[in-house]
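Note sheet for the following structure.
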Amino acid sequence: MTAIKLDLQNISPFISGSALADCQEKVTRIHQSMEKGEGAGSEFLGWLHLPSNTPDSLLVDVNREAERLRGLAEVVVCIGIGGSYLGARAALTFCSHTFGNQLSRYKRGGPEMYFAGHNISSDYLTDLLELIGTRSFALIVISKSGTTTEPALAFRVLKQHLENRHGIEGARERIVVTTDSSKGALKELADGEGYPAFVIPDDVGGRFSVLTPVGLLPIAVSGIPIVELMAGARDMEKITTATADFLGNPAYGYAAIRHVLYQQGKTLEVMSGFHPALEYILEWWKQLAGESEGKEGKGIFPASVLFTTDLHSLGQWVQDGQRNLFETFMTLEKSNRELTVPTSSSDGDGLSYLAGKSLDFINEKAYKGTVEAHLEGGVPNLTLQLKDRSPRTLGAMFYFFQRAVAMSGYLLGVNPFDQPGVELYKRNMFRLLNKPGYGKE
Ligand code: PA5
């Protein structure tokens with residue numbers, strides 16, 4: 001099986017062949033324009049051929065730095081927000097042990113890894129400092145602009161703790177920065193202090209940056225092989241560059257279906273993951289889709305649920321609430337482990353009919369049952385089936401969604417690569433905080 005399989009059988013009753021044919025024409029035009037480097041926001045199309053353009057030497061450098069950090073720290077904290085954070089978190093949750101940080105270092109094979117800078121909370125940071133305690137630790141600080149408040153606050157606090165723990169010189173070798181090549185407060189700080197630094201290419205925006213050092217460095221520190229991740233992304237880049245035809249290009253097929261449904265009033269997409277390892281993939285996807293498409297009064301609202309957990313919660317809404325949604329199931333063909341239901345001498349729990357069956361087998365039936373139920377409830381659905389939890393599948397999936405979301409944005413007629421809407425809260429917050437230059441509260 002290829003890394004991602006698109007199952008569209010439950011969509012056909014909701015979509016006419018002519019609507020898809022119209023969309024195919026538009027998609028082909030947009031594809032050609034993207035490949036020529038044209039269109040709104042074209043200065044941020046660097047992600048388009050990033051996998052094939054990434055030199056092996058960059059992967060070698062990232063792996064070398066990751067090895068150094070793995071060697072000198074018991075704990076690594078990765079600081080960033082939005083696109084500078086979610087890709088790495090998604091990768092770790094997708095590929096690694098569910099309870100990796102709680103395992104012994106020997107079993108885990110590397111440092112414990114935590115994230116910070118994605119909220120403003122005394123409790124979160126204080127608890128993190130307490131967790132680190134007197135152990136050796138290191139920081140990866142990621143910000144393209146180098147000026148974002150949340151990661152800057154976390155960095156100031158954690159850097160002080162690092163200097164107290166390891167001294168000024170010791171701290172210096174335990175901080176690695178990923179930021180812009182030439183501007184921003186973080187870049188100036190990194191230059192001034194001599195921190196090792198990686199660059200986020202100018203033509204790659206935050207939420208499209210997971211395959212740059214933004215994602216690659218923390219992913220490599222966690223022990224996930226980034227060469228395989230990149231190989232998966234290259235596979236998908238090749239497939240989705242070769243043709244704009246929906247039959248050969250699953251990312252555009254998915255984008256077109258979303259668009260046609262949106263035109264029919266389905267303004268909410270719920271991505272329903274059927275495995276706990278997908279939790280942060282869903283968060284990453286929501287950020288990618290939401291920030292890229294929700295503008296100028298347009299856009300599909302990207303929501304997510306994790307099943308079967310949320311079948312006992314939002315499942316009610318999906319089944320029976322307002323009919324303005326469609327559903328994209330995300331499933332895993334193969335888990336990392338297999339656990340079967342044990343036989344039991346008594347059948348007090350009524351589960352003996354499942355004895356010997358794997359939990360994944362039962363989960364698959366839950367998925368199929370949910371597909372049928374939600375279809376009966378009038379929710380059009382499609383399925384993205386991921387082959388496994390390998391870095392190669394993950395790389396293909398990251399690239400798949402980047403292509404699909406860029407195409408979706410262009411189909412809506414918006415610039416998928418800007419985010420003007422996130423500025424207003426910042427201006428208001430700065431004014432309320434009496435930040436110089438933002439007026440008085
Ligand atoms: O996708 C985006 O551009 C944003 O989500 C950014 O990644 C996020 O705001 C963090 O920005 P920065 O990396 O500049 O700190």
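Miscellaneous remarks
- Extreme residue, farthest from the ligand (Cβ to nearest atom), among residues of the range 285-324 that are in contact (Cβ under 8 Å) with a residue 40 or more places away in the chain, closer than 15 Å to MET271 by Cα and not in a loop (DSSP other than H, G, I, E, B): GLN319
- Exactly one residue out of GLY82, GLY46, GLY100 is at positive phi and buried (at least 17 other Cβ atoms within 10 Å of the Cβ): that is GLY82.
- Yes/no for GLY248 being over 16 Å from ALA373 (Cα atoms) and small (Gly, Ala, Ser): yes
- Residue check, VAL341 closer than 30 Å to GLY232 by Cβ, buried (at least 16 other Cβ atoms within 10 Å of the Cβ), more than 22 Å from the chain's Cα centre (by Cα) and of a type outside the set (Gly, Ala, Ser): no
- Residue within the range 179-190 that is away from the ligand (no atom under 16 Å from the Cβ), out of contact with any helix residue (DSSP H, G or I) (no Cβ under 6 Å at 6 or more places or on another chain) and hydrophobic (A, V, I, L, M, F, W, C) present: no
- Screening PHE208, PHE137 for residues that are within 12 Å of the ligand (Cβ to nearest atom) and either of a type outside the set (Ser, Thr, Tyr) or modelled with pLDDT under 95 (or both) leaves exactly one candidate, PHE208.
- Where strands (runs of 3 or more DSSP E) sit wholly within the range 105-180, those with at least 2 residues that are more than 22 Å from the chain's Cα centre (by Cα) occupy 137-143.
- TYR114 being of a type in the set (Phe, Trp, Tyr), within 23 Å of GLU65 (Cα to Cα) and away from the ligand (no atom under 16 Å from the Cβ): yes
- Test: residue in the range 30-37 that is of a type in the set (Val, Ile, Thr), under 20 Å from VAL405 (Cβ atoms) and at pLDDT 95 or above: yes
- Against the conditions (1) among the hydrophobic types (A, V, I, L, M, F, W, C); (2) buried (at least 21 other Cβ atoms within 10 Å of the Cβ); (3) within 29 Å of GLY395 (Cα to Cα), LEU162 satisfies every one except (3).
The values are calculated or read from the model by the stated rules, or taken from the named source; none is laboratory data. Everything numeric here is computed off the predicted structure, so don't read it as measured data. Cβ: placed from backbone, ideal geometry, glycine included. Neighbour counts: every protein chain shown.
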